[in-house]
1. Suppose we filter the range 26-65 for residues that are hydroxyl-bearing (Ser, Thr, Tyr), more than 19 Å from His115 (Cβ to Cβ) and either surrounded by fewer than 20 Cβ atoms within 10 Å (Cβ to Cβ) or within 11 Å of ligand 2 (Cβ to nearest atom) (or both); how many remain?
2. Go through the range 80-121 residue by residue and tally those that are crowded, with 16+ Cβ neighbours inside 10 Å, assigned to a loop (DSSP other than H, G, I, E, B) and more than 14 Å from the chain's Cα centre (by Cα).
3. Filter the range 60-78 down to residues that are farther than 15 Å from Gly36 by Cα and of a type outside the set (Lys, Arg) and give me whichever is nearest to ligand 1 (Cβ to nearest atom).
4. Could you pull out the residue among Gly49, Gly34 that is part of a loop (DSSP other than H, G, I, E, B), out of contact with any Phe, Trp or Tyr (no Cβ under 9 Å at 6 or more places or on another chain) and within 19 Å of Glu144 (Cα to Cα)?
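Bear in mind these aren't lab numbers, they're just calculated from the coordinates by the rules spelled out. Remember, it's a predicted structure, so these values are computed and weren't measured experimentally. Counting neighbours? That spans all protein chains shown, and the Cβs are built from the backbone with ideal geometry, glycine included.
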Amino acid sequence: MTDPTTRAGLRPRFWENVPLKSLTPQEWEALCDGCGKCCLNKLEDADTGEIAFTRVACRLLDDESCRCGNYQIRKTLVPECVVLSPRNIGEIAYWMPSTCAYRLRHEGKPLPDWHPLVSGDPESVHRAGESVRGWSVPEFEVPEEDWEDYIVEGEL
Ligand code: SF4
Ligand code: SF4
């Protein structure tokens, strides 16, 4: 699958100087670094409320491209998929991966050098080891009761 993101014709360095709520739909989409981490299934500790990512990925995630296999109709195919928007980022950011560009911008932090918008290269996220390429497991291979055996150690 080729990189689906259009980065041409966007405002120069919009990711630094335009608030999230003022991004155009195209800029909003381009902000995604293509890491695929948010498509990993998560477990919540019932006592502490802590969220842990697992290596078990949503059934639509392509482990090579780290992109959704059917982005346009993802919510129909996977009702539990959370569609990020400027309206809900405030409630969702806390459980997104720490490197997620939406979370970083929501928290007023800069994008890392490996972000495709900064590097100009969609492969840079993978080269930096910041994507799920090659290490996720499709959810149809792992029963839910075994997900805790796949918890990712450390921060994503
Ligand atoms: S974690 Fe954030 S930057 Fe990475 S794929 Fe998900 S939405 Fe995009
Ligand atoms: S439906 Fe697509 S975007 Fe949503 S979690 Fe699954 S792979 Fe990710």
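1. The total comes to 1.
2. 2
3. Taking the candidates together, the pick is Val78.
4. Going through Gly49, Gly34 in turn, just one is part of a loop (DSSP other than H, G, I, E, B), out of contact with any Phe, Trp or Tyr (no Cβ under 9 Å at 6 or more places or on another chain) and within 19 Å of Glu144 (Cα to Cα): Gly49.
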